[in-house]
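A short worksheet on the structure shown next.
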């Protein structure tokens with residue numbers, strides 16, 4: 001299966017999910033328990049756990065995204081990464097507080113294994129890099145959101161977690177055990 005491409009025309013808004021077409025697109029990809037790591041002002045119509053630096057947005061966890069990733073014992077089926085796309089945006093939305101390095105957060109999501117197998121990561125920003133194959137993800141969807149006028153487009157990258165080598169080996173081992181049991185059953189039944 002290839003990458004599903006989508007193109008939306010949506011006037012820009014300071015708050016990503018105040019854009020109805022984009023909000024609906026994101027919600028359509030969400031499954032299971034969702035971590036909205038930079039939640040912001042607008043709640044999604046999904047089962048989201050909201051993390052944000054501002055108490056104004058009534059997050060489930062008030063604090064730094066990096067610290068949350070390092071401390072949580074929770075696991076998720078979908079993670080939404082919608083940080084301020086630039087230092088300027090960070091200053092606008094969080095009164096000058098810098099949100100941290102997204103690369104570190106991506107690495108910690110993988111190393112702390114908080115995303116379930118075949119989980120989805122939805123990344124929003126000015127880049128289509130996303131989590132990348134090097135972290136064990138494959139792109140399954142890309143949406144280009146044109147805001148018209150003098151605004152940069154928003155790029156949404158949808159990626160699915162690929163099973164790790166360890167997970168694949170466990171599945172192979174269990175499959176082999178089941179095949180052996182079935183073979184033994186048939187051998188006994190027909191006395192081969």
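Okay, here's what the table says:
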{"quantity": "Looking only at region 1-23, and only at residues there that are touching a strand residue (DSSP E or B) at 6+ places or on another chain (Cβ under 8 Å) and in a helix (DSSP H, G or I), the one that is farthest from residue 36 (Cα to Cα)", "calculated": "21"}
{"quantity": "Any hit, region 110-120, residues being modelled with pLDDT of 90 or more, part of a helix (DSSP H, G or I), within 16 Å of the chain's Cα centre (by Cα) and within 22 Å of residue 44 (Cβ to Cβ)", "calculated": "no"}
{"quantity": "Any hit, region 163-182, residues being surrounded by 10 or more Cβ atoms within 10 Å (Cβ to Cβ), modelled with pLDDT under 95 and in contact with a strand residue (DSSP E or B) (Cβ under 7 Å, 6 or more places away or on another chain)", "calculated": "yes"}
{"quantity": "Test for residue 104: is it free of Cβ contacts under 8 Å to residues at least 40 places away in the same chain and either assigned by TED's automatic domain parsing to the domain that holds residue 20 or in a loop (DSSP other than H, G, I, E, B) (or both)", "calculated": "yes"}
{"quantity": "Verdict on residue 26 being crowded, with 17+ Cβ neighbours inside 10 Å, assigned by TED's automatic domain parsing to the domain that holds residue 109 and touching a residue at least 60 places away in the same chain (Cβ under 8 Å)", "calculated": "yes"}
{"quantity": "Region 34-87, subset in contact with a helix residue (DSSP H, G or I) (Cβ under 7 Å, 6 or more places away or on another chain) and part of a helix (DSSP H, G or I), residue surrounded by the most Cβ atoms within 10 Å (Cβ to Cβ)", "calculated": "65"}
{"quantity": "Breaking point among (1) at pLDDT 90 or above; (2) within 21 Å of the chain's Cα centre (by Cα), for residue 101", "calculated": "(1)"}
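The values are calculated or read from the model by the stated rules, or taken from the named source; none is laboratory data. Remember, it's a predicted structure, so these values are computed and weren't measured experimentally. When we count neighbours, we look across all protein chains shown, and the Cβ atoms used for this are built from the backbone with ideal geometry, even at glycine.
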